[in-house]
Structures are given as structure tokens and as C-alpha cells.
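Below: one structure, written as C-alpha cells.
The numbers here are math on the coordinates, done by the rules we state, and not lab data. Since the structure is predicted, the reported quantities are computational estimates derived from the model, not experimental observations. Every residue, glycine among them, receives a Cβ derived from its backbone with ideal geometry; neighbour counts consider all protein chains shown.
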Amino acid sequence: MSRWLRKLNAEQKRAVRHVNGPLLVLAGAGSGKTRVITHRVAYLIEQGVAPDNILAVTFTNKAAGEMRERLRQMIGEHADNVTMSTFHALGLMMLKTEAAQKKRRSRFSIFDTGDQLACLREITGRVHLDRSFDLGSVLARISAMKTSFVPPDACDTDSADPYDQAAELLYPLYAEALEAFAAVDFDDLVCKPTLMMEHSADCRARWADRFRYLLVDEYQDTNTAQLRMLKALCPHQNICVVGDDDQSIYGWRGAEVRNILEFDKHFPGAKTVFLLNNYRSTQPILRVANMVIAENKDRHEKALQPVRNDDGRVSLRVFPDADSEASWLGKFLFETIKSERYQADQIAVLYRSNTVHKALEPVLREHGIDYRVLGGTALFERKEVKDVIAYLRLTSNPADEISLRRVINVPARGIGPKTVSRLADYAEQHGLSLYKALKQAAIALGASDRALGPIGDFLTLLDDGRRQLRAGGQVGHQAQAFIEKTGLRAEIERTTPSAKIVERRLGNIGALLRGLVSYADRASKPSLGEYLNLISLATADEDADGAKDKRITLSTLHGCKGLEFPLVVIVGLEDGLLPHDRTLNPQANDHMTTGIDEERRLFYVGITRAMDELIITRAATRAVRGRVQERPASRFLCSIPEELITVDDLTAAPSMDQVRSMLSSLRDQWGAEGASLGPDKERQAEGDRRQQA
């Protein structure tokens, strides 16, 4: 037997041994899917497949890195020849490779969501679109059209929805702006390589010959464009996808659960392997999870099977209001950690909406409990870091107008928005980029305009930085020297009120630049442009502090996927929170609305994060937009039979029998304590207790 098949269960072996033809691995929560993927790669190489003919795709650079490190420990340096990538990094590599093949320019900026919204904001001002529009919803509609491969000049929605109409108006202008700025967005990184392969047999053959075996992790999270990319990449049909339709929770950002439900339609003749042995959770937790998810009808029918024999606990606590819920949670967590029943880093508090955790943080601080919040502002999304990135982008791509607009007056140098607007008008009238309009500022503004001096200084700064970064030497240290010349440090020190915040903001800039130095030390041919592309592809979940520490984890249910904790508390199981009010009462302009099935899958994901103990809480009343409202129990709780869960309802009035029992217990306690005090002190203590009672 191959050494890569040892210590695998029967179904895991089936998944690893399948070499040729399409394979769907339905990997339930905690079933060891990463083990299967890495062992499958090692097995393919053992069977004679060249490592550089294997492509493994996942959704975050962090996951790809962890998978590569595990594989490196298994097979050594061969792991470095296997391509492990996100969809977006793969698309970027393909675009740059194809551009080099045709000797075309391959330098461009990658726009993240903030850049995209800034671009749309500038366009809406230019076309005088009503500024009350939520540009995030408009952008979501544009993204949906792009990933459905609708060309900008063919987006006739024929819809009465004003948001659809706004997207139809802005989409062509947005596409023109990206081209003018020499930029691409995340959708382009998937769609453009896909169209290249579909339109060129030579291109398609090149990539199919390079990647003869494909593995896709988290397949349930793929969207329409990613599926089309995979189909173009593997005419040979040697594709293995691993995922779980019961954990498909990203429909709001385009994920299509039908991709995994209909895998055999897209890849005929596919074999299916079920991984249902759960190595993570105890039987009571899995019984609850199975009962909840069974309510969804459109799914692969399956149930997780516990491998562990030890007992676990599942309980529901019902509170009169959100304040008492938060107060109890703070005391409970404090006592749990103090008693050492669980360490702080073994505990997670999960919730559907960030509005819940904002009420929890003050209580945790009151009890001195350290915590981390997953899904907070990522390093690369912080203002001071984005300012540095914008300066660095401009040294390699002056056409990046979003970056130019961002820092043209940062630090403040006397180039106000009216001046920028006049220059933008001039650029549009003469078919120029904004950067070239700046070069012609004396003509555009008039030779006597007082903004000419600051504009000249700004252009000189960028030109000097460009020369400095192209002169050779250590790119990381050169970038540090250039950023020092921008004056950002002095601006932060001047405008930030707190020394502690100054230190944190400068520390964020330092972290970015240290990352560049570290990258330059590792890379064989380091370039600033490549590093900027790498950080553009980073996502918030990768940038979150995942280090092992002694803090409790607070996270949305979306943010906790892939994690596990001995103790999990899921807060706010009420209709309106889970399932979310957007699902129950969808708005016409809300493009993020998903169905009840996806909300139930979200609850299932939360349940299956728990290893030993699961506590669910809800409040009978909760403040919503400043008004206290009655909150019905989440309909998902109805899926859980009473015998599977312990219920402690603190909203119910105690019965007379319960009152008598409590009084009797108190009398016994007072009597036992009084016997050790002596008659006089006992009478005094008795009076004190009665007064307290």
C-alpha cells in the first residue's frame, strides 16, 4: 500500500486513489478534507505525475500557504513545483504570462473594493447621478453582470429597479475608467483569462497542457465565472473538487451553490465520494447540527457521523433582554477562564450581525477579558496604509487615477478639490490622463495659479521616487526612503490627537514596509509591482490576527468558517438576526439578500465549529435602531428536538415549588454558616441576610 494511503479511512482512500476523470468529494465539517487534498497531491506525484502539472486552487492566500507548508513537510522540495493558488492569483499569473507571450505591457494596478467604490463615486459625480444611491449595491450588480460575462455595451437589464438602471448606466463608464487607469478588478482576474482561453485554441491548449490535474478546495464557494474558468482549464476532465453544499454561505457575494449540486452535469461521468466521519465534535453537537441542516431540501442528503466517544453539551439560554444576555455572558466567560475549565483561546463567541458584538465588547472589557475580533479592518484597508500603497502604485503606474486622487493632497500641500476638478475637466476635454493634465497644469490652470508650485513639487516627488525605485538595489529599503520623503509620518504626528494612535498608525505603515523588505529578501527577482499585486490580492480574513494567543475570539458566523473551538457560544438566535431581517423582509435595492436555506447553512456552520460544548443564547427583547422590540425565537431552533438540548429560560417566572425550594436551600445555607459563628454573630449575620433577601 502507498504510504499516502496509510492512516486514512476507507472513503478518504477512495478520494486519494482516484487519478483520472472528474471527482466530487463531499467533505462534511471536520472530516479531514485538507488531509485528503495534500495526500492526493502526494499520491499523484508518487504515481508519476509531474509536480508542475498539478494545480490546487483555493480561496485565500493563507489557505494556499498552509496547504503548501503541509505538503512541503510530506514531500519536501517537490511541493514548491506544485502550483497552489487562489483563483485571483491564478488569473493574474495567466494575464501576465499571456502578455509576455505576446510582448505586451503587463504592468497594471489591481483595484480592491475601496478603489472600485472611489472610481464609481467619481463617475457618479461626473454624470450627476443621485448621490443617495448605495454604491455598494450598484457595484454588486455590476459585478454580477461581469461574472455573467455580459459585455459593458450589452447590459440592457429592462428593469424598473432604479439600482439596476444605475448599474446599467455606470457599467460601461466604469469599464472605460479601468482601462484608462490601466487597472483591473477582482472580477477581471477571473473573466479575462477565461475569455482568452475560450477565444484562442492555442491559449487553451497551453494552459491545459501545463495543468493536467486540477484540485479545487471549497468548491461550494465558486461563482459562475470561476466555474467557467475551470471548464476552460481542464478539457482533459482531470478535476477533483472538494466542498460541502451544507457550508455554502457566500451567496451574497456571488457564490453559486448549484455548482456543487450539479457538478456531474458540468463534468459528466463524475464519481462522488462522501467524507462524513467527523473528527472534531462530540455526538450531541453533531446530532443538533444534523437535525438543523436536514430542514434544507435542495442538498446532497448526508449526515455527519461522530468519531469521538466522549460526551458533549448543547444548551439554550433565553434572556429577558439583550443587556441581561451580555451581562450573563461576561460573568460566565470570566468564571470559565478563572476556573480554567477552558483557556481563553479555546472559546469563540459567534453572531450573525456586527451589531451584536458591539454590545458585548464593553461587558468583556468590564470583566478584564482580552478578545480579538475577526473580520475587523484589515491592515491593507487602513487609511495610512492605503496612502502608502497609493504612493508606491504611482511610481510604477502614473495612470492609476484613483491612487493619484487619493494622495495628491496628502499630506496637505494646497492642491484642493476645485483644482483637481478643473484639471480633471481639462484632461477629459483633451483626452488625457489626470497625470498628464498635471504635467500641463500651467496651461490648464493658467500660469499665475497659486496651485502650480505645489503641483510641481508633487510631480517632482513622484519622478524622484520612480527614478529611485528603478535605479537598482534593495527595493524594500528604497521604498522606505521614498515614503519617508512624502511627509506622511510628519502629517500623522501633526494631525493625530493621541500618541498611542500615532504609534499604532506608524506601526501599520512599518508593517507594510517590513513586508516589502521581507518579500524582496525571499524573491529571486523582486519587483515593487509584483509586491503591490500580492497585497492587492490579500483579503481581510487573511490579514486577521490568526496567531495563537490568550484571547477569546469574537466573530461573525461568516468569518468563523474553517475554525474550531472547544467552547462555542452563538448569540442572538432570533428571527430578524438569524435568519437575518434582510432575508425575511428583502428590500428591492438590497442585492445582498440570500434565502432562508443559506441562513440555515450559516447556523449549521456555527454549530459545527464547536468541539466539546455549544451554548446558544437569545433575548426576548432587543433594541433595534434605538427601539426596544420583542424578538421571536429563531425558526431554526424549532428543528432541534427538546431531548437534544438543555433549555434555561430566564424569562419565565419561577413556580411556587421552585420558590419554596430556593427558600429552603437558603435556610440550610444560613444555618450551616451560623453554626460556625457563635450565637451573637450568628444573629447579626441572620439579620444581614434577611435584609439582603
Between Gln440 and Lys231, how many nm apart are label points set 7 Å from Cα along the C-beta direction? 4.7
Based on the Cβ-Cβ distance from Ala10 to Cys638, what FRET efficiency comes out when R0 is 45 Å, to the nearest 0.05? 0.80
Starting from the Cα-Cα distance between Gln165 and Asp321, subtract it from 0.36 nm times their residue separation and give me the gain in nm to one decimal. 51.9 nm
Reachable lysines from Lys265, criterion Cα separation under 16 angstrom, eight or more residues apart if same chain: Lys231
For Lys62, counting only lysines whose alpha-carbon sits under 17 Å away and dropping same-chain residues fewer than eight positions off, the answer is Lys33, Lys548, Lys561
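Within the range 334-380, list the GluC sites (Glu not before Pro) lying in a DSSP loop whose Cβ has at most 15 other Cβ atoms in a 10 Å radius.
On the way: sites: Glu335, Glu340, Glu366; in loops: Glu340.
Hits after loop and neighbour filter: Glu340.
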Provide the gained length on full extension for the span Arg489 to Lys525, in nm with one decimal, where the gain is 0.36 nm per separating residue minus the Cα-Cα distance. 10.0 nm
Going by amide H atoms built from the backbone, whose H comes under 5 Å of the H on Leu275, apart from near neighbours? Leu26, Ala27, Gly28
Inter-probe distance in nm under a simple model that places probes 7 Å from Cα toward Cβ, at Thr646 and Lys418: 7.1
Angle between the Cα long axis of helix 383-396 and the longest principal axis of the chain, 0 to 90 degrees, nearest 10? 30
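Would you calculate, for the chain, the mean residue ellipticity at 222 nm contributed by helices, counting each DSSP H stretch of 4 or more residues as -39,500 (n - 2.57) and dividing by all residues, to the nearest 500? Present the calculation step by step, with values, prior to reporting the outcome.
Values: 30 runs with 354 residues, N = 693.
It lands at -16000 deg cm²/dmol.
Would you mind telling me the antiparallel percentage of the DSSP bridges in the chain, rounded to 5?
Looking only at bridges with both residues in the chain, the antiparallel portion is about 10 percent.
Quote to one decimal, in nm, the extra length available between Asp425 and Leu563 on full extension: 0.36 nm per residue of separation minus the C-alpha distance between them. Please list the in-between numbers first.
Numbers: separation 138, 0.36 × 138 = 49.68 nm, distance 5.05 nm.
Between Asp425 and Leu563, full extension yields an extra 44.6 nm.
Over the range 199-246, what is the mean sequence separation of C-alpha contacts under 8 Å (at least six apart), divided by residue count, expressed as relative contact order in percent? Working shown, then result.
Details: 41 pairs, mean separation 24.7, N = 48.
Once divided by the residue count of the range 199-246, the mean separation gives 51 percent.
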Under a cut-off of 25 Å between alpha-carbon atoms, report the lysines in cross-link reach of Lys485, not counting same-chain residues fewer than 8 places apart. Lys383, Lys386, Lys436, Lys439, Lys500
